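Okay, so here's the structure we're looking at.
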Amino acid sequence: MTKSELIEKLATDFPHIQVKDVESAVKEILEQMAGSLAANERIEIRGFGSFSLHFRAPRVGRNPKTGDKVELDGKYVPHFKPGKELRDRVKENT
Amino acid sequence: MALTKADLAERLFTKFGISKRDAKMIVEAFFEEIRLALETGDQVKLSGFGNFDLRVKNQRPGRNPKTGEDIPISARCVVTFRPGQKLKSRVEVGTAKK
C-alpha cells in the first residue's frame with residue numbers, strides 16, 4: 001500500500017469528509033511525525049507502536065572508490081518498535 | 001513529551017479546521033489502515049517517511065526468563081520499519097550538535 005492508496009482508502013472510509021481534507025490530513029500526520037523525530041521527540045501510538053531515535057557511535061569509514069579513511073560523526077537514526085496489537089495481528093501471517 | 005494521536009488530531013483541527021470528531025476518526029483510521037495492510041501481508045510504503053516491511057522469522061530456541069525453562073519461540077511474521085532517505089537526513093540535521 002502506498003501513500004496515495006492509503007488516502008483513497010480513508011476517503012472511502014469517510015465519504016462525508018472532502019477528499020482534499022483527507023489528503024491534507026495524511027500528509028500533515030506524516031509531516032508531524034517526521035518533525036517530531038527531527039526534534040528528537042518520541043512518537044507513541046497505542047496499539048500501533050512507538051518511534052524513537054537510536055544513536056550510532058562515531059566510526060572510521062572508507063571511501064569505497066579510493067579506499068581512503070573517512071572519520072564519520074556519531075548520528076541518530078529513527079527506530080520503530082511495533083506495539084502489542086500490531087505484533088499480534090501480523091504474527092500469524094507466515 | 002511524546003507525540004500522540006491526540007496531538008495529531010488537534011493539529012488537523014487547528015491547521016485545516018477539520019472537526020475534532022472527524023480529525024480523531026481520521027487519525028485512528030490512518031493507523032488502522034496501515035495495520036490492516038500489514039495484517040494481510042501487504043508492505044506499506046509512505047514516500048518521504050519510510051516503509052513498513054514484513055519479515056518471516058523461523059522458529060528458534062528461547063527460554064522463560066523467570067523460570068529458566070526452555071521453550072521454543074514459534075515461527076512468526078514481524079513488522080520492520082525502514083526510514084526513508086528524507087526522514088533519515090531530517091533527523092541527522094535536526095539532532096546534529098550545533
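Each reported figure results from applying straightforward, stated rules to the coordinates on display, with no laboratory input. Predicted model, so just to flag it, every value in this text is computed and none were measured. Glycine also receives a Cβ, built like all others from the backbone with ideal geometry; neighbour counts cover every protein chain displayed.
Some observations on this one:
- For segment A:1-45, a tally of residues being over 15 Å from B:ARG90 (Cα atoms), in contact with a Leu (Cβ under 7 Å, 6 or more places away or on another chain) and in a helix (DSSP H, G or I) returns 6.
- Lone qualifier among B:GLU69, B:GLU33, B:GLU28 - being facing chain A (nearest Cβ under 9 Å) and either at negative phi or out of contact with any Gly (no Cβ under 6 Å at 6 or more places or on another chain) (or both): B:GLU33
- Scanning segment A:20-31 turns up at least one residue that is among the charged types (D, E, K, R) and within 8 Å of chain B (Cβ to nearest Cβ).
- Pair list, Cβ under 8 Å, 6 or more apart: segment B:59-73 residue closer than 19 Å to A:LYS91 by Cβ, other residue small (Gly, Ala, Ser) and not in a strand (DSSP E or B): B:GLN59/B:SER74; B:GLN59/B:ALA75
- Of all residues making up segment A:38-52, the number that are polar (S, T, N, Q) and at the interface with chain B (Cβ under 7 Å from one of its Cβ atoms): 1
- For the condition more than 7 Å from chain B (Cβ to nearest Cβ), closer than 22 Å to A:PHE80 by Cα, in contact with a helix residue (DSSP H, G or I) (Cβ under 7 Å, 6 or more places away or on another chain) and not in a helix (DSSP H, G or I), A:PHE55 does not qualify.
- Residue check for A:VAL90: within 14 Å of chain B (Cβ to nearest Cβ), surrounded by 15 or more Cβ atoms within 10 Å (Cβ to Cβ) and not in a strand (DSSP E or B): yes
- Output for segment A:7-19, where each listed residue is facing another protein chain (nearest Cβ under 7 Å) and either under 22 Å from the mean Cα position of the chain (by Cα) or buried (at least 20 other Cβ atoms within 10 Å of the Cβ) (or both): A:LYS9, A:LEU10
- Options A:SER50, A:SER36, A:SER24; residue that is in contact (Cβ under 8 Å) with a residue 24 or more places away in the chain and either under 19 Å from the mean Cα position of the chain (by Cα) or surrounded by fewer than 13 Cβ atoms within 10 Å (Cβ to Cβ) (or both): A:SER50
- Residue in segment A:65-76 that is more than 7 Å from every other protein chain (Cβ to nearest Cβ), of a type outside the set (A, V, I, L, M) and not in a loop (DSSP other than H, G, I, E, B) present: yes
- Odd one out for B:ALA96 among (1) more than 16 Å from the chain's Cα centre (by Cα); (2) closer than 25 Å to A:GLY47 by Cβ; (3) more than 7 Å from chain A (Cβ to nearest Cβ); (4) among the hydrophobic types (A, V, I, L, M, F, W, C): (2)
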